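Reviewing the structure listed below.
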Amino acid sequence: MHHILVVDDNPMVCMAIEIYLQRNHFRVTIADGGEAGLCALENEQVDLMMIDIFMPHMRGFESIRIFHEHAPAIPLIAMSGYAFANLNAPAPDFLRMALELGAARCLRKPFTPDALLAAIKDCLAEHRAVSAIGLAR
């Protein structure tokens with residue numbers, strides 16, 4: 001059973017992800033912010049991380065950078081639902097920036113359960129493939 005760490009300050013998002021993933025046979029650890037997520041990462045073996053880009057006390061890409069530095073071998077899915085008040089101005093592509101900082105995949109909130117499951121399965125499959133190549137050397 002794969003273990004997924006979900007780090008998001010929105011309890012409703014966490015609950016929805018947790019319920020859906022548990023129904024799909026994943027073990028889930030929820031952390032309500034960056035500090036709690038780092039603590040969980042240090043104390044538990046996880047197969048994949050899902051990190052919200054914008055959280056209090058660990059803003060923007062700091063969270064992606066820090067989590068990726070602490071566990072570079074663990075696939076990371078960045079999530080963001082950030083919206084701008086001025087829809088006429090071009091918005092920065094936060095999810096693309098997250099990929100450049102080490103995220104394996106990105107999900108724009110709100111995302112569908114199918115998109116969530118597809119991103120997780122893709123990340124885990126890629127991670128297995130990379131691990132197998134590393135072991136074969």
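Are any residues in region 95-112 more than 13 Å from Gly81 (Cβ to Cβ) and open to solvent by 70 Å² or more (accessible area, probe 1.4 Å), and if so, which ones?
Arg96, Leu99, Glu100, Thr112
Let's see how each residue does on (1) among the basic types (Lys, Arg); (2) more than 23 Å from Ala115 (Cβ to Cβ); (3) modelled with pLDDT under 95; (4) in contact with a helix residue (DSSP H, G or I) (Cβ under 6 Å, 6 or more places away or on another chain):
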| position | (1), (2), (3), (4) |
| --- | --- |
| Asp8 | no, no, yes, yes |
| Ala16 | no, no, no, no |
| His25 | no, no, no, no |
| Pro56 | no, yes, yes, no |
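The values are calculated or read from the model by the stated rules, or taken from the named source; none is laboratory data. On a predicted model such as this, the values are computed, not experimentally measured, just so you know. Neighbour counts are summed over all protein chains in view; Cβ atoms, including those assigned to glycine, are modelled from backbone coordinates with ideal geometry. Each accessible area value is taken on the protein alone, full model and side chains, heavy atoms only, with ligands, DNA and RNA left out. Shrake-Rupley method; radii C 1.70, N 1.55, O 1.52, S 1.80 Å.
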